[in-house]
Every structure is written in structure tokens, then in C-alpha cells.
Ligand SMILES: NC(=O)c1ccc[n+]([C@@H]2O[C@H](COP(=O)([O-])OP(=O)(O)OC[C@H]3O[C@@H](n4cnc5c(N)ncnc54)[C@H](OP(=O)(O)O)[C@@H]3O)[C@@H](O)[C@H]2O)c1
């Protein structure tokens, strides 16, 4: 793939994307920026062009991924819009900034998308939601191809973009907290922290792989493991008595409300 990609704002998410592109052998297709480039200069050794010059990045790329904080993205678009052309595909990764607002700031007749990847892009495993409404089919295909190099893509209506933040982006942290709790219990029942984490990581990965491979509902797979009167169901029911699913769902709904309240 030869598409040139600019990652504007190489912070937490931006760097994960760049690392994913490097892993996908696309490092030399990527130009990335931040104002203070000191901490990302090492990316140049992997073929990535590192610069603080956003205009240069835009002029030399086709797909522009704006990995900037929501409060900053519109002012950066305002600064840079003179460099946008109809050849560009502009993609905002910012939470809570609507397509309509983005398009008003871009002003020109250019393909603008919202996308919500997650930090697992760094290991080629992002779940990237891409807004599909009103998109030019060719541009959408090209964007999908790019994100497919760093994980799975899911096309959604823009109205679900904030839900995608909670499920797909915050979801990484929720899953990590689950793994941490599992490891801590593992330590209490005898494993070293390192071994407990190793077992928990692989077990969670294996469980997800089963669902991805079979397409089955989680409960169908749980039924296979939970022997009547057995150990697994005893543990599961105690977790539910303590509010496990309720706590997770409440946490996600509260996170969603926080985004909606900040609009
Ligand atoms: N973290 C996630 O998992 C995740 C997932 C999905 C979406 N998002 C969204 O991604 C966006 C970025 O989040 P983040 O956690 O990666 O934030 P972050 O770590 O603060 O990264 C933003 C980067 O932008 C750079 N920057 C600021 N102004 C700039 C400018 N004028 N030109 C070029 N670079 C500039 C900053 O570096 P300098 O100060 O050096 O310029 C910083 O490294 C947010 O809108 C968030 O909603 C995050």
C-alpha cells in the first residue's frame, strides 16, 4: 500500500497508530507531527518522517489522521485548512466533535470522516469504528484499507461514534482492569504476579479468540465450561451476587453520559 498518511498529533493514540503502521511495514508511508518532537524522534529510524510542521505533513500526504485533543482540533483545522485539497481524506479521531462541526471548519468540499481506533493499533489489533454516513464510497474503501492494516474496522453511523468511544476505546482500559483483577486473585491463590499476569493475559486472549473464531455468544461458551454444581458456576454466580456485570454496565453508561454532558 502506497497511500501517504499524516498522523497529526503523535500523542498516546497517534503514536499507537504510527507504531501499528510500522509493524505493518508502512512506516515509510507515514509523516507524523507534534509540536515538541523530542520524544518521537526515534521513529525516524523506522522510516517515519517526524516533524513539527503540520503544513508539510499535509502537503505530502493523502490521508490526514487528526489525533488531537477535542478542545484543540478545530483551531488546528482552522490553521491548516488552506493546505487542504480535494485529494485529501480528512479523518478526525477526536471524541465528541461532530462531522457537521468538522465540515464547517474544513469549509472546502473534501471527504471528512470520524474514526475511533484504540491503542491496540500499536500491535495491529485495533477495533476501529469509522463513520460511514454521507461518505464517498471510494474514499471510505481507501480509509478502511488503511485501518485494516492495524486491526479490524467496523462501519457505523456517526450517531454511534460516542458509543464507539466507550465500547471500543475506553473498552481497552475496562478489559485491562478486568485482567488486573484476575491477576490479583491469581496472586492470592498462589502465583507470582508475573505468572498470574501471564496466565490471565493468555486466558483472556484465548476467550476472545474463541468468540472471534466461532461468532458464538459468550454465554454459549460459558455453558460449555460451567459444569452443573461445579467450580466455574460457583465462581460466576458469586461474582454476579457481588454486582460484576452490573458494575461494568453502570461504568460504561456513566462514561457515555460524561461524553454526552460535555457536548
Ligand atoms: N487514547 C485513546 O485510546 C483514544 C482512543 C480513541 C480516540 N481518542 C481521541 O484521540 C485524541 C487524542 O488523544 P490522546 O490521548 O492521544 O491525546 P494526547 O496524548 O494529548 O495527544 C495529542 C497530541 O497532540 C499534539 N499536539 C497538540 N497540538 C498540536 C498541534 N498544533 N500540532 C501537532 N500536534 C499537536 C500533542 O503534542 P505536543 O504538545 O508536543 O504538540 C500531543 O502529543 C483525543 O481527541 C481523544 O478523544 C483517544
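Every read-out reported here was derived from the displayed coordinates using simple, explicitly stated rules and does not represent laboratory data. All of these numbers come straight from a predicted model, not from anything done at the bench. For neighbour counting, all protein chains shown are included, and Cβ atoms are generated from backbone atoms with ideal geometry for every residue, glycine included.
Distance from the C-alpha centroid of segment 171-241 to that of segment 55-72: 39 Å, rounded to the whole angstrom.
For the chain, the longest principal axis of the alpha carbon atoms and the long axis of helix 193-214 meet at an angle near 80°. Against the chain, whose longest principal axis is taken from its Cα atoms, helix 231-241 shows a tilt of about 70°.
Nearest-5 percent of antiparallel DSSP beta bridges in the chain? List each step's numbers first, then the result.
Details: 2 of 27 bridges.
Roughly 5 percent of the DSSP beta bridges within the chain come out antiparallel.
Between residue 28 and residue 202, what is the spin-label point distance in nm, taking each point 7 Å from the Cα along the Cα→C-beta axis? For residue 28 paired with residue 202, the spin-label model returns 3.8 nm.
Do you know the relative contact order of the chain, to the nearest whole percent, from alpha carbon pairs under 8 angstrom that are 6+ apart? Can you show the working numbers first?
On the way: 382 pairs, mean separation 36.3, N = 263.
Reported as a whole number, the value is 14 percent.
For the pair residue 155 and residue 241, a Förster radius of 35 Å applied to the C-beta separation gives a FRET efficiency near 0.35, rounded to the nearest 0.05. If a spin label sat at a point 7 angstrom from the Cα of residue 234 along the line to its beta carbon, the backbone N atoms of segment 185-222 nearer than 16 Å would be those of 189. Highest mobility in the GNM of the chain, judged by mean-square fluctuation with C-alpha springs under 10 Å and restricted to 175, 246, 226, is found for 226. Averaging the sequence gap over all C-alpha pairs within less than 8 Å and six or more residues apart, then dividing by the number of residues, gives segment 147-263 a relative contact order of 24 percent. Springs join every pair of Cα atoms under 10 Å in this Gaussian network model of the chain, and among 161, 182, 252 the largest mean-square fluctuation is at 182.
Note on residue 132 and residue 45: their simple-model spin labels are 4.2 nm apart, each label 7 Å out from Cα toward Cβ. Roughly how tilted is helix 170-188, in degrees to the nearest 10 and between 0 and 90, from the longest Cα axis of the chain? It works out to around 30 degrees. Distance from the C-alpha centroid of segment 109-140 to that of segment 1-46: 17 Å, rounded to the whole angstrom. Going by neighbour counts of Cβ atoms within 10 Å, the residues 147, 244 line up, fewest first, as 244, 147. Where is the GNM fluctuation largest for the chain (alpha-carbon springs, 10 angstrom cutoff): 178, 84, 191? Result for the chain, Cα springs under 10 Å: 191 fluctuates most. Placing a pseudo-label 7 Å from each Cα along the Cα-to-Cβ vector at residue 178 and residue 261 gives an inter-label distance of 2.5 nm. Subtracting the Cα-Cα distance of residue 72 and residue 221 from their residue separation scaled by 0.36 nm leaves 49.2 nm.
Rank these for me by crowding, 114, 35, going from fewest to most other beta carbons within 10 Å. Present the calculation step by step, with values, prior to reporting the outcome.
Numbers: 114 23, 35 7.
Arranged by neighbour count, lowest to highest, 114, 35 become 35, 114.
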